[in-house]
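Every read-out reported here was derived from the displayed coordinates using simple, explicitly stated rules and does not represent laboratory data. Computed from a prediction, not measured in an experiment: that's the story for all the values here. Note: ideal-geometry Cβ built from the backbone for every residue, glycine included; neighbour counts use all protein chains shown.
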Amino acid sequence: MARESDSESLRVPVEGGALHLVAWPAPARAAAPPLVLLHGFMGSVAAWGDLPRRMAADRRVIVVDLPGHGESHRPRKPESYSIPTLAAAVGSAVSQVAPGPVDWLGYSMGGRVLLSGACDGLLSARRVIAESSSPGIEDPGERDERLAVDAERAHLLETLGLEAFVDRWMAMPLFASQRRLAPQTLERERRRRSVHDASALAACLRGASIARQPSYWDRLGPLGPRLLVLTGGLDPRFEAIGDAVVVRCPEARRHIVADAGHAVHLEAPEAWLRAVREHLDRRGAPE
């Protein structure tokens, strides 16, 4: 298994700035393609804990700080955070350090970036894992409602300040199942979210809003069995979205981790590892 000290920090130029990546090398004679991990809103390379190191037991693993997060560049204009723009930046950065098809996993907002890039051909994807994510919003009324919600969240972030906003964010019903986690784990999550730049995050909330992105619901079919839809059984909203995805993309694979909520990788890391490895390693999958 790879050691933490084996990882390499990279700064890769993209249009408008540079993305920060951390890469764990593949073991000698490893045949598996690289795996790229994309975090969610207010996440960073640190959001994955020791999962990248553990996944690097048999493949190269690359973890990305999305624009406005971690050590990547921090645009101030909302349009710099449109989901297709983020997908293009990530696809460009990864292609520079890992030419050829790679496997991808995106969580929440990172999953939306991944689905956008995979459907639009902005990144080279062999297998695709969407963890607690959505292909977009089809209903115009629902889209308008969500646009107002994200605009209000951005305003609160700017007026309350980052630490108060983080407290509100972590108290959302979406993350209720995380209250079962150890106090030190919750405090660690709070701290890692609180190191970001509030102005950049507010711009991201506006520009990357699911209400602004294209809907990819009718474009999922070509992903077929390359796609794994992963959700937690304690997250009924995204469990329903995941079920709807496999209706639109019947060949996609579906996995529900019963005792986890929205952040499966955080709440049930062992089950997450099993599900991810099973999808990446299964025989007969399309290349």
Next on the checklist: Compute the distance from the alpha-carbon center of segment 1-76 to that of segment 219-276, in whole Å.
Outcome noted: 22
Checklist entry - Hey, what did segment 145-287 get for relative contact order, percent, Cα under 8 Å, at least 6 apart? => result 24
Next on the checklist: Quick check on segment 167-287: take the gyration tensor over C-alpha atoms, sort the square-rooted eigenvalues as a ≥ b ≥ c, and tell me if it's rounded (a/c under 1.5), prolate or oblate.
Outcome noted: oblate
Next on the checklist: So if a site counts as exposed when it's one of the trypsin sites (Lys or Arg not before Pro), its DSSP state isn't H, G, I, E or B, and it has at most 16 other Cβ atoms within 10 Å, what's the longest stretch of the chain without one?
Outcome noted: 77-281
Next on the checklist: Taking the Cα centre as origin and putting +1 on Lys and Arg beta-carbons and -1 on Asp and Glu beta-carbons, what dipole magnitude results for the chain, to the nearest 20 debye?
Outcome noted: 540
Item to check | Relative contact order of segment 1-137, defined on C-alpha pairs under 8 angstrom at six or more residues apart (%) | outcome: 24
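Under the classification rounded if a/c is under 1.5, otherwise prolate if a/b is larger than b/c and oblate if not, where does segment 224-287 fall, given a ≥ b ≥ c as square roots of the Cα gyration tensor eigenvalues?
Note, shape of segment 224-287 comes out oblate.
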Checklist entry - So who's got an amide H within less than 5 Å of the one on residue 57, skipping anything under 5 residues away but keeping other chains? H placed 1.01 Å off N, in plane. => result 2
Item to check | Mean separation of Cα contacts under 8 Å, 6 or more apart, over the residue count of the chain: relative contact order % | outcome: 18
Item to check | CD proxy at 222 nm, helix term only [per DSSP H run n ≥ 4: -39500 (n - 2.57); per residue of the chain; nearest 500] | outcome: -12000 deg cm²/dmol
Item to check | Global geometry of the chain, whether rounded, prolate or oblate, following the gyration tensor of its Cα atoms and the 1.5 cut on a/c | outcome: rounded
Checklist entry - Among residues other than residue 137 whose Cβ falls under 12 Å from its Cβ, what is the net charge (Lys/Arg +1, Asp/Glu -1)? => result -2
Checklist entry - Label 7 Å along Cα→Cβ of residue 180; segment 126-142 residues with amide nitrogen under 16 Å? => result none
Next on the checklist: Only four residue types carry charge here, +1 at the Cβ of Lys and Arg and -1 at the Cβ of Asp and Glu. Report the dipole size of segment 88-160 about the Cα centre in Debye, rounded to the nearest 20.
Outcome noted: 440
